[in-house]
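Report on the following structure.
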Amino acid sequence: MPGKQLTPTDEFVKGLWRENPVFIQVLGMCPALAVSNTAINALTMGLATTFVLVMSGISVSTLRRFIPREARIVSFICIIATFVTVVDYVIQAVSLELSRALGAFIALIVVNCLILGRAEAFASKNTIGRAVLDALGMGVGFTAALLWIGVLREILGAGTLFGVALFPDGFQTWTVMVLPSGGFLAMALWLLLVNWIRDRQEKSAKAAQGVTR
Amino acid sequence: MSGPAPVQQQPTSAWSMYRAIVGIGAFCALIIVTAYQATADRIRENQDRFLAQASAEVLPAATSTVAVKLAGDGSLALASETGELPAFLGYGPDNRLVGAVIAAQGMGYQDNIRVLYAYSFDQDAIVGFKILDSKETPGLGDRVEKEAHFLANFERLDASLDPAGDALANPIVTVKQGQKTEPWQLDGITGATITSEAIGNILNQSASRWVPALEGSAGRFAERSTPEGR
């Protein structure tokens, strides 16, 4: 039985919190942990992924009746890889330093399961408008999550935010936070907080309905 | 108990498959070509600026540079434009030749690696090194850009010529981490074996071609006469 159709607003909002790709679905962990060592890297990766999500969502939704079922995965990957190539060119044109800082992770957006997942599960079955709203919501949710991880890591690990020093000279940085292990630590702290908030929200909702555990 | 019979889907015709695959391929190719055309000039400008900065980093003694190329007979000649793998002679403030900056490339673990290295005429050695472009595995192969002990190889990596002056006296080779005993050996990185060996091969192949030409022509280019440069 088909599920209830969400309103356009809900379609966008669901990716921000209820179905957040990083904190709830735990998708795209490779870039979320690897390039979130600074806020600017996290923001760039988030925006690049959002662009690929939206453009591949539009393309897949537009071509959904044209793509045979048997050829859908190869077609989706081809479309996603195309927009990753475009975003790679754009980042190189904007800043070669940023492109070098993100390194192979820009190319690896192709294999981010979040993008193929939204193309397969949503864009290939919905209209262009809904596909755009879904992709935008997921992209903004992904970007926000990466940014939160990046902000925490950069402040604690380097004592800066977007490269601007926040503390006096004597501040002892937690270098571990900008190292790979710091990605796991920051991710764990945010997951703890998000799950705690969700747990409280669920309890409040049940209490409001008069349901006790 | 058996459930309802599965719905048989009509197999897709070969024409539909061809149409979809070729159509998607053409659509994607059009987008990539358009994006390339729109960004190529700007990327080239950024790369030139990055190359100038990298040259200054690997050969800080040079205050100006002149582009050169290898002529057909293996000698050094002035170049009117820099190609994909540019080479420059570096001159100090007194316009005297202090070294050369050379770009080289070769296959790494994932893809081509492009590097820039500086050759010192005084020391007969490679005295500076920087990765220009690499897509090596993050956390493994890309350690060739960051590991202090690996970068220390380039404080002075011997590239002296044999008595005949037409080949390196000793080939530049990468050895296992901690086993470097000779000045022409690169102390490799455990965990980035293929990439560190690739760097050794790239430098050996490039230096084998360039160093004889540089040393053979150093006299002709000992002083800078052209005003342009970086």
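Throughout, read-outs are computed from the coordinates displayed, never taken from laboratory work. Just so you know, these numbers come straight off a predicted model, no measurement behind them. Every residue, glycine as well, gets a Cβ built from its backbone with ideal geometry; the counts of neighbours run over all protein chains shown.
Here are the numbers:
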read-out: Summed residue charge, Cβ within 14 Å of A:VAL176's Cβ, Lys/Arg positive, Asp/Glu negative; value: 0
read-out: DSSP beta bridge pairing in chain B, given as percent antiparallel to the nearest 5; value: 90
read-out: Relative contact order for chain B, counting Cα pairs under 8 Å that sit 6 or more residues apart, in percent; value: 16
read-out: Mean Kyte hydropathy of 0.5 or more with a Cα span along the axis of at least 24 Å, helices from DSSP in chain A; value: A:39-62, A:72-94, A:128-158
read-out: J(HN,Hα) series, segment B:66-71, from Karplus relation 6.51 cos²θ - 1.76 cosθ + 1.60, nearest Hz, glycine and proline x; value: 10, 6, 10, 9, 8, 6
read-out: Bridge type composition, the protein assembly as shown - antiparallel percent by DSSP, nearest 5; value: 90
read-out: Cα pair count fraction exceeding 22 Å, expressed as % - segment A:8-150; value: 33
read-out: In degrees, nearest ten, helix B:14-58 long axis to first principal axis of chain B (Cα); value: 20
read-out: For segment B:37-94, average projected area of the Cα convex hull in nm²; value: 5.1
read-out: Of the chymotrypsin sites (Phe, Trp or Tyr not before Pro) in segment A:83-178, those whose Cβ has at most 13 other Cβ within 10 Å and which sit in DSSP loop; value: A:PHE162, A:PHE171
read-out: Segment A:46-120: trypsin sites (Lys or Arg not before Pro) falling in loop per DSSP and having at most 14 other Cβ within 10 Å; value: A:ARG65
read-out: Antiparallel DSSP beta bridges within segment B:117-230, percent to nearest 5; value: 70
read-out: Cα pair count fraction exceeding 39 Å, expressed as % - the protein assembly as shown; value: 38
read-out: Backbone N within segment A:35-54 under 11 Å of label point (7 Å from A:LEU191 Cα along the Cβ vector); value: none
read-out: Residue-by-residue Karplus 3J(HN,Hα) for segment B:113-119, coefficients 6.51, -1.76, 1.60, Hz, glycine and proline x; value: 10, 10, 10, 10, 9, 10, 10
read-out: Other-chain or far-sequence residues with amide H under 5 Å of B:SER64's (modelled H); value: B:TYR91
read-out: Within chain B, helix-based [θ] at 222 nm, where runs of 4 or more DSSP H residues each add -39,500 (n - 2.57), nearest 500; value: -11500 deg cm²/dmol
read-out: Residues A:ILE128 and A:LEU6, FRET efficiency given R0 of 22 Å [Cβ-Cβ distance, rounded to 0.05]; value: 0.85
read-out: Sequence-distant lysines (8 or more away, or on other chains) whose Cα lies within less than 29 Å of B:LYS135; value: B:LYS69, B:LYS146, B:LYS176, B:LYS180
read-out: Cross-link reach list, lysines versus A:LYS14, counting only Cα pairs under 18 Å and skipping chain neighbours closer than eight places; value: A:LYS4, A:LYS125
read-out: Loop sites in segment A:107-213: GluC sites (Glu not before Pro), DSSP, at most 14 other Cβ within 10 Å; value: none
